[in-house]
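Undergrad: Below you'll find the structure I mean.
The values are calculated or read from the model by the stated rules, or taken from the named source; none is laboratory data. Only a predicted model underlies this, so the values are computations on that prediction, with no experimental measurement involved. Because the Cβ atoms are built from the backbone with ideal geometry, glycine has one as well, and the counts that use them run over all protein chains shown. Keep in mind that these areas ignore ligands, DNA and RNA; they rest on the heavy atoms of the full protein, side chains included. Shrake-Rupley method; radii C 1.70, N 1.55, O 1.52, S 1.80 Å.
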Amino acid sequence: MSVPALAEPSERVGRGWTAALSLANGAIWVGWYGPLQILLARQSERFAPGTGLSKESLLAWVTGTGAVVSLAANPVFGALSDRTVSRYGRRTPWIVAGAAGGALSLLLLGGADTVWVLFAGWCLVQLSLNAAFAAVTAAVPDRVPRLQRGAVGGWLGAAQILGVVAGTGLATGTGGVRAGYLACAVFTLAGVAPYVVRYADPPLGAEERPAWSWRGFAAGFWLSPRRYPDLGWAWLTRFLINLGNALVLLYLFYYLRDRLHLADPDSGVLILTAVNGVTLLGTVVVGGAWSDRVGRRKPFVLWSGVLMALATGLLAGWQTWTGAVVAAAVLGVGFGVFTSVDFALMTDVLPAAPDRGKDLGVLNIANSLPQVAAPALAAPLVNQLGGYRVLYLVAAGVGLAGSVLVRRIRSVP
């Protein structure tokens with residue numbers, strides 16, 4: 001295509017662009033994972049006695065409800081950014097609006113004094129930050145040529161885990177729930193600023209925007225697995241591996257405190273997140289660049305998923321603090337390779353350039369849907385069906401199934 005915003009990119013992006021986009025991505029993950037790792041668990045414990053629910057069940061309801069919002073928000077905002085006509089481009093307005101809305105929503109959560117504000121605040125965080133995330137991820141197929149996407153995906157993955165670590169550190173180190181939310185809100189806003197200020201987004205002309213119809217807009221979200229089978233298998237692979245990972249992370253705070261009887265579970269979560277982050281950082285960029293170099297994606301996804309399943313199995317069979325540290329390290333190695341190469345794989349199976357944001361949003365449902373499914377599976381597994389050992393065995397099996405299914409994709413080496 002001759003339209004710059006819709007053309008298949010051929011010119012390699014520079015280090016500055018990659019660094020700025022990665023920082024924006026990491027800032028969004030700070031806004032998500034400061035609450036998810038620490039703050040929401042503390043608030044759920046505080047509000048649970050007045051609800052008739054256990055702290056685990058309340059946390060599951062809050063995170064699950066927010067994930068439902070995320071399911072719809074990511075593809076919808078991706079589709080809206082595909083159609084956005086402005087002098088600032090298609091993606092930048094949504095990055096700015098999403099980050100600002102996310103910061104305000106985090107401040108609302110910090111002042112939550114009832115369980116209903118807790119629910120509303122987390123749903124608004126998911127709504128806003130998914131607008132920014134949809135635009136950030138769509139910038140990659142917009143601007144990065146195919147044989148550079150593994151490396152760029154690696155840097156985005158590195159920023160993601162650094163965002164998780166930073167969010168956990170801010171939530172732990174600021175000394176309180178309100179201060180933790182404030183720190184995450186400030187970081188989220190500051191982190192997107194370099195990209196939106198320094199790098200112009202190619203604009204879409206009004207004449208290039210497709211005619212609007214509600215029916216056509218809604219119908220566009222259905223990507224038939226029969227018509228696009230590789231897209232379907234790629235989605236299912238991502239969903240299952242992310243579901244296994246979500247089952248591991250959801251009750252980590254409670255696992256350390258109630259099963260391992262750790263005296264300081266807040267610090268325990270931070271240490272495990274840091275260990276996981278170090279090993280992930282050691283593989284995420286290397287894995288993506290290696291995939292670009294050899295021109296293959298599927299073997300990397302397959303074996304990284306197998307390694308993650310083995311690490312999750314360690315949590316089931318070796319329930320000690322040492323076992324948790326080893327599992328976090330091995331999980332980081334596998335998830336590092338998976339994060340970068342899977343992202344490149346997703347961009348390789350996108351059907352059409354004008355719908356990159358929308359189609360990536362549909363694929364990103366495979367990231368957010370596990371946040372809905374994980375609480376529904378985890379709460380009964382922990383409370384009625386065998387406890388944390390069964391939870392982690394199920395998580396390992398689910399992740400392993402996802403890694404094997406990547407072999408069904410035919411159009412990618």
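Undergrad: May I ask you to order 289-300, 371-382 by the average number of other C-beta atoms within 10 Å around their residues, highest value first?
TA: 371-382, 289-300
Undergrad: May I ask you to give the percent of accessible area on region 299-413 that is carbon plus sulfur, with a probe radius of 1.4 Å?
TA: Carbon and sulfur together cover 70 percent of it.
Undergrad: Another question about this same structure. Per residue, how big is the convex hull of region 26-93 when only Cα atoms are used? Give it in Å³.
TA: Taking only Cα atoms, region 26-93 has a hull volume of 98 Å³ per residue.
Undergrad: Viscosity 1.306 mPa s, temperature 10 °C: what is the translational diffusion coefficient of the chain from Stokes-Einstein with a Kirkwood Rh over Cα pairs, rounded to a whole number of µm²/s?
TA: 75
Undergrad: Still on this structure, I have one more. Quickly estimate the mean residue ellipticity at 222 nm for the chain, helices only: each DSSP H run with n ≥ 4 gives -39500 (n - 2.57), and the total goes over all residues, rounded to 500. Present the calculation step by step, with values, prior to reporting the outcome.
TA: Working: 14 runs with 303 residues, N = 413.
Computed ellipticity for the chain at 222 nm equals -25500 deg cm²/dmol.
Undergrad: Using the heavy atoms of the protein chains and a 1.4 angstrom probe, tell me the accessible area per residue for the chain in square angstrom.
TA: Using a 1.4 Å probe on heavy atoms only, each residue of the chain averages 39 Å².
Undergrad: Using the Karplus curve 6.51 cos²θ - 1.76 cosθ + 1.60 with θ = phi - 60°, what ³J(HN,Hα) values do you get for each residue of region 251-260, in whole Hz, with x for Gly and Pro?
TA: Computed from phi, the couplings for region 251-260 are 10, 4, 4, 6, 4, 5, 7, 8, 9, 8 Hz.
Undergrad: I've got another one for you. Wrap a convex hull around the Cα atoms of region 203-252, take a quarter of its surface area, and give that in square nanometres.
TA: Computing the convex hull of the Cα atoms and averaging its projections yields 6.5 nm².
Undergrad: Filter the DSSP H helices in the chain by two things, a Kyte-Doolittle mean of at least -1.0 and an axial alpha-carbon span of 15 angstrom or more, and list the hits by number.
TA: 15-34, 55-82, 92-110, 115-143, 149-173, 177-198, 229-250, 265-294, 298-317, 321-348, 356-383, 388-405
Undergrad: Still on this structure, I have one more. Compute the whole-percent fraction of alpha carbon pairs in region 148-208 spaced more than 17 Å apart.
TA: The answer is 59 percent, as a whole percent.
Undergrad: How would you rank 201-213, 316-328, highest first, on the average number of other Cβ atoms within 10 Å across their residues?
TA: 316-328, 201-213
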